[in-house]
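Colleague: Would you mind keeping the following structure in view while I ask a few things?
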Amino acid sequence: QRFLKFILNGLVATFVHYVAMLLISNYLIPVYSVAYGLASIIGILTSFLGNKFIVFTHLVPFNKKNKRTFAQLKDFIMLYFLIMLFCSFLMGILSDLLKINYNLCFIIAVGVQTLLSFYGNKHYVFKV
C-alpha cells in the first residue's frame, strides 16, 4: 500500500514537474535540460510534501514529526538534488544532444527518477 501511495504521489508531483517544465521551456528558458532542472525543484517540493504527510506519515509519532521534518527535508533535498543532476544530464544528452523527442526523454528521465527516489526515500530519508 505504501508503494501505491508513493506512485500516486509521484504522479501528482510528475504532473506538476511536467507542467512547470513546459512553462519554463516555452516562456523563460528554451533549453530543455535547464528547464527540467528548474522544474525539478517545484516537483521535488510537491513530492516531499506528499511523502511526508501522506506516504510515510505513520512512521514517526505525531509529536515528533515537526522535529524530524527539517532533518528529513535536508536529506530529501540532498537526495533529489543528486537525482535532479543525474536526470538533467540524462535529459540533456537524450534531448539536447541526441535530439530525441523531449516528451519521450522526460518519460525516461522520470522512470529513472522514480526508481532512484523510491529506494532513496525508503532507505535514506524516511529509513523504513
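The values are calculated or read from the model by the stated rules, or taken from the named source; none is laboratory data. Not measured: the values here are computed from a predicted model. Note: accessible area is taken over every heavy atom of the protein model, side chains too, but ligands, DNA and RNA are not part of it. Shrake-Rupley method; radii C 1.70, N 1.55, O 1.52, S 1.80 Å.
Colleague: Quick one: which residues, 5+ away or cross-chain, put their amide H under 5 Å from the amide H of I100? H built at 1.01 Å from N.
Modeller: Counting only residues 5 or more places away or on other chains, the set is S95.
Colleague: Ignoring ligands, DNA and RNA, what percent of the 1.4 Å accessible area of the chain is carbon and sulfur?
Modeller: Here it works out to 75 percent.
Colleague: On a 1.4 Å probe surface of the protein chains, which of M91, M84 comes out largest in accessible area, and what is the full order?
Modeller: M84, M91
Colleague: For the chain, what does the relative contact order come out to in percent, with C-alpha contacts under 8 Å and a separation of six or more?
Modeller: Once normalised by length, the contact order is 28 percent.
Colleague: Kindly report the accessible area of the chain per residue (heavy atoms of protein chains, probe 1.4 Å, no ligands, DNA or RNA), in Å².
Modeller: The answer is 59 Å² per residue.
Colleague: Mind checking which of L82, L45, L73 has the largest fluctuation in a GNM of the chain, springs on alpha carbons under 10 Å?
Modeller: Greatest mean-square fluctuation among the candidates belongs to L82.
Colleague: Please identify the DSSP H helices in the chain that span no less than 30 Å along the helix axis (Cα) and have a mean Kyte-Doolittle hydropathy of 1.0 or more.
Modeller: Long hydrophobic helices here: 2-27.
Colleague: Sticking with this one: Using helices alone, what [θ] at 222 nm do you get for the chain, with -39,500 (n - 2.57) per DSSP H run of 4 or more residues, divided over all residues and rounded to the nearest 500?
Modeller: -26000 deg cm²/dmol
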